[in-house]
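Below is one structure; the comments refer to it alone.
Quick note: the coordinates plus some simple rules give every number you see, no bench work behind them. Because the structure is a prediction, the values reported are computed rather than measured. As a convention, Cβ positions derive from the backbone with ideal geometry for all residues, glycine included, and neighbour counts pool all protein chains shown.
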Amino acid sequence: MRSVIPMRIAKIVNILMSVCFCAFGIIIMAMPEISVSVVGIVIGIYLILSGVFKLIGYFSKDLFRLAFQYDLQLGMLLIALGTAILIHSDQTMTFICVIFGISILSEGLFKASIAFDSKKFGIKLWIVILIVSVVTCLFGAILIFFPSESIRVLQVHLGLSLLWDGILNFIVILSTVKIVKNQKRDYPNDTFK
């Protein structure tokens, strides 16, 4: 039997990260006086941590292999983008929004693919995942292609993007990660536990 501990850890951490994403989005919208540097540092750290946790999720081998199937690529992308934002955290809010928009758009695109795979598995919430993925992609694209000159508008949009991305991750994790205690190994000679 394969250990379910890595899957439990990945699921719990992703749920907590989704809640933190939503909370940070609300904080950014509610507190326009937050400096660009602080927003950049927090987003950079969050992206790096999120990337690390996505890598952990990828290697957890959940039962359906849906929620974490693209997390190797996405994890590495998030770590790179988070590092870029940390290096340039004192840059303009536009720079931070464009870089963060790339991560949000990527997340939405990968989750849209997961929605279609979820449909094949008979997961009833696949349409919800798809709808939230499309909305998340729109927020990411707006951050990338239409950054406003008003810092307040950017902060509200950034906060909404964070909130939607957190909701998307939460829905995907709850609906697609199934932990089965008596899960068998993938291959008879599989040495991984």
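Just order 126-133, 107-114 by mean Cβ neighbour count inside 10 Å, highest at the front, would you? Walk me through the intermediate numbers first.
Details: 126-133: 19.0, 107-114: 21.5.
In decreasing order of mean packing, 126-133, 107-114 become 107-114, 126-133.
Full extension from Ile41 to Ile9: what is 0.36 nm times the residue separation minus their Cα-Cα distance, to one decimal in nm?
Details: separation 32, 0.36 × 32 = 11.52 nm, distance 2.57 nm.
Extra length available between Ile41 and Ile9 comes to 8.9 nm.
Subtracting the Cα-Cα distance from 0.36 nm times the residue separation, let me have the gained length for Glu33 to Asp90 in nm, one decimal.
On the way: separation 57, 0.36 × 57 = 20.52 nm, distance 1.49 nm.
Gain on stretching Glu33 to Asp90: 19.0 nm.
Can you give the three extents of the C-alpha atoms in the range 5-176 along their principal axes, from longest to shortest, in whole Å?
The Cα atoms of the range 5-176 stretch 44, 28, 23 Å along their principal axes.
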